[in-house]
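Worksheet: one structure, shown below.
The values are calculated or read from the model by the stated rules, or taken from the named source; none is laboratory data. Note that this is a predicted model, so its numbers are computed, not measured. FYI the Cβ positions are ideal-geometry reconstructions off the backbone, even for glycines, and counts take in every protein chain you see.
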Amino acid sequence: MLAHLTDEQLVELAVSRDREAFGEIVKRWERKIFALCFGMLSREDDARDAAQETFISAYRNLANFRGEAKVSSWLHRIAVNQCLTVKRRAKTRSEEFLDDDDGREERVFVAPLHNSPSRKAEQVERLKLVRTAVSSLPTDLRQVIVMKEFEEMTFQEISDTLEIPLSTVKSRLYTALKQLRMKLDRVPLEIA
Amino acid sequence: MFDRKRNLDGDHGDLLSYIYGEMDEQSRNIFESHLEECDDCAVDLGAFSDARLGVVEWRRSDFDHLATPEIVIPQAEDVVVLVASPAKSGFFTGLAELIGSVPVFAKAGAGLVAAALLIGVIYVSFSANSSQVAVADMNSKPEVRSQPDSAPVTLAPAPSSTVEIAKDDKFKSEDRPVPAVRRVAPQTKVIGQGQQIAVNGPKARRLNPLRTETAKSVAPRLNSFDDEEDQTLRLSDLFSQVGPIRQY
């Protein structure tokens, strides 16, 4: 029943202390908010914590949501602020412990904790979609994806290897990710 | 400052550089300050991060557990040695290299010249051989006389080419003495049906009618020394029947 409601309708229900309505919002957006946090923090455990904090903060501030913006934009703004807070804390901590980190972030992806059968089935289905989507990409786009994600090459290394301009590498990767996103969501990517 | 329009409609460099951690610290601070103000850029960042996360999960699920294959290049040392070792020297190696360096048309020309030389050598050799036969024929001139009762002919007539050469004047050499030989035609005697005996030969061989027929079709091989196979008349046979040769 709740699945047919819009985000704004769910928020209205959640403001009236309908926990199931807010649970539906979390179900709809947790993946995207987690991805945003992962894109900003680069570590899955930090991203998971940030996503958790994002939804807790949203639930506490439901009354402040005025409906002037989309729920998705509201959640993304909360997530960005949460991630920036995490980064500032991490930076302060590293300075306190005299960490000699040069600022380059360690990019580690830790296995997610998908314990429930429904989550596992969802993950399997998503992997199928990713395989199909990557396989259907044009060769030049798939090539850049593989070199970037599997071989972990920098943009400059890919540019040197393929002997193409750096801007072309980024353009191809942008197009590849955009097409992947469209195929995974089966809805057009919201790009203004 | 971060230019969203440039990034989404232009080279998209800032957004991707931020996602993949390849943005310098100053640009990153500018970009994050912009994210605090711009919900659209935050949504875009989340969308592209989600797509990237899908690829990362796929990689982790399907590839990360796979062991890296051990690449073994067999006999790598031999390859290095072969590359480092000097080229083999020798006549045939040099000849092969020389042939290899010659263009194709030159090879074809050389082949034609070699073929012409070979044909010439064969022709000269054949001519000299024929001349020798003709000289020997001119010197011996054996007369084949058959028995009146049409006994098998032992000697076949010389080929026409040999006869023509023999008629040439230059073979009638005056400064080359020709021994006076009394020519005796071989005589055979029929001893039975289909068999005969050479009665005046040195060995008085038993003749086979088939061999006699064969002898009709071939020229006398006067320069042959194969006593076992040759059934034709020899100068030695004739000389054995005559006295000492007068020397000039």
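As for region A:4-19, it holds at least one residue that is within 14 Å of another protein chain (Cβ to nearest Cβ) and part of a helix (DSSP H, G or I). Would you pick out the residues in region A:42-53 that are free of Cβ contacts under 8 Å to residues at least 60 places away in the same chain and either within 11 Å of chain B (Cβ to nearest Cβ) or not in a helix (DSSP H, G or I) (or both)? Listed by number, the residues that qualify are A:ALA47, A:ALA51.
For the subset of region A:16-47 comprising residues that are touching a Cys at 6+ places or on another chain (Cβ under 8 Å) and within 19 Å of B:CYS41 (Cβ to Cβ), which member is surrounded by the most Cβ atoms within 10 Å (Cβ to Cβ)? Applying the filter and picking the extreme gives A:LEU36. The criterion of at least 1 residues that are at pLDDT 80 or above and of a type outside the set (Ser, Thr, Tyr) is met by the following helices (runs of 4 or more DSSP H) wholly inside region B:24-135: B:25-37, B:39-62. Please tell me if A:THR139 is within 17 Å of B:TYR20 (Cα to Cα) and more than 8 Å from chain B (Cβ to nearest Cβ). The answer is no for A:THR139. Of all the criteria given as (1) surrounded by 13 or more Cβ atoms within 10 Å (Cβ to Cβ); (2) at pLDDT 85 or above; (3) hydroxyl-bearing (Ser, Thr, Tyr), the one not satisfied by A:SER94 is (2).
Flag: A:THR6 does not match the condition of being without any contact (Cβ under 8 Å) to a residue 40 or more places away in the chain, crowded, with 18+ Cβ neighbours inside 10 Å and more than 21 Å from B:ILE30 (Cα to Cα).
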